[in-house]
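Report on the following structure.
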Amino acid sequence: AARRNLSGIVIDGPVRDVEDLDCAVKHDGTLVNVYSTSVNPYAGTVQFPGEGIDVAPVICGGATVSPGDIVFGDAYGVLVGSAEAFETCLHDAENISAMEQQLMKGIKMGVCLHSMMNFAEHLQLRKEGKASSLHFKDLNTVKFDGIDHVDLSA
């Protein structure tokens, strides 16, 4: 993978020799990421090598991967989809990321998670037997300034 300048490898099955995989470095010095379903000590075999055709969809981890699809991976897993599919959800993903950054900012400053949610209102409505759903407040209006920093590392 490093010699072919690949960004990563996705395997629908186990891998071994993870120490060697963890240090695969590309020419530009970046690491090659490897995603698999598990790790085991046994050598694999190729029982059905196919015909080397790379223009047909494959199924990996239960997801169909078609030629031209974007495969994106990070420490939390792998996403696959067409450029159109990613474009459709990009705005929502950016909003979720911004909200999570605001939540983490508050948590690191010692702000209680309940105060960043509609918890009190939700609890009261549920006690009254009314329908309600728990959700985060508009974090753009939740201010953390002026709160004494709490050292959470202790």
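The values are calculated or read from the model by the stated rules, or taken from the named source; none is laboratory data. A quick note: this is a predicted structure, and the numbers were derived from the prediction, not measured. Reconstructed Cβ throughout: ideal geometry from the backbone, glycine too, with neighbour counts over all protein chains shown. Each accessible area value is taken on the protein alone, full model and side chains, heavy atoms only, with ligands, DNA and RNA left out. Shrake-Rupley method; radii C 1.70, N 1.55, O 1.52, S 1.80 Å.
Spot the failing condition for Q101; the list is (1) at pLDDT 85 or above; (2) in contact with a helix residue (DSSP H, G or I) (Cβ under 8 Å, 6 or more places away or on another chain), and only one is missed.
(2)
With L134, L90, L152, L113 as the choices, which residue is hydrophobic (A, V, I, L, M, F, W, C), over 30 Å from I70 (Cα atoms), within 26 Å of the chain's Cα centre (by Cα) and modelled with pLDDT of 85 or more?
Going through L134, L90, L152, L113 in turn, just one is hydrophobic (A, V, I, L, M, F, W, C), over 30 Å from I70 (Cα atoms), within 26 Å of the chain's Cα centre (by Cα) and modelled with pLDDT of 85 or more: L134.
Looking only at the stretch 28-56, filter to residues that are hydroxyl-bearing (S, T, Y) and open to solvent by 100 Å² or more (accessible area, probe 1.4 Å); which one of those is modelled with the lowest pLDDT?
T45
Enumerate the pairs (first residue in the stretch 108-125 and assigned to a helix (DSSP H, G or I); second residue anywhere and among the aliphatic types (A, V, I, L, M) and open to solvent by 70 Å² or more (accessible area, probe 1.4 Å)) with beta-carbon separation below 6 Å, excluding pairs fewer than 6 apart on the same chain, so at least 6 apart or on different chains.
Within 6 Å, the pairs are H122/L134.
Name every residue in the stretch 102-113 that is surrounded by 11 or more Cβ atoms within 10 Å (Cβ to Cβ) and on the phi < 0 side of the Ramachandran plot, in order of residue number. Give the steps one after another, and end with the answer.
Taking the stretch 102-113 first, the residues surrounded by 11 or more Cβ atoms within 10 Å (Cβ to Cβ) are 102-103, 105-111, 113.
If the condition is that a residue be surrounded by 11 or more Cβ atoms within 10 Å (Cβ to Cβ) and on the phi < 0 side of the Ramachandran plot, then Q102, L103, K105, G106, I107, K108, M109, V111, L113 are the ones that fit.
Being open to solvent by less than 70 Å² (accessible area, probe 1.4 Å), modelled with pLDDT of 85 or more and over 26 Å from L31 (Cα atoms): is that true of F119 here?
So F119 passes the test.
Please name all residue pairs, on different chains or six or more residues apart, with Cβ atoms under 6 Å, provided the first residue is in the stretch 128-139 and is without any contact (Cβ under 8 Å) to a residue 40 or more places away in the chain and the second residue is open to solvent by 70 Å² or more (accessible area, probe 1.4 Å).
Sorted first by the residue in the stretch 128-139, then by its partner, the pairs are S132/R126.
Please go through the stretch 1-19 and pick out each residue that is open to solvent by less than 70 Å² (accessible area, probe 1.4 Å) and not in a strand (DSSP E or B).
A1, A2, I11, G13, V18
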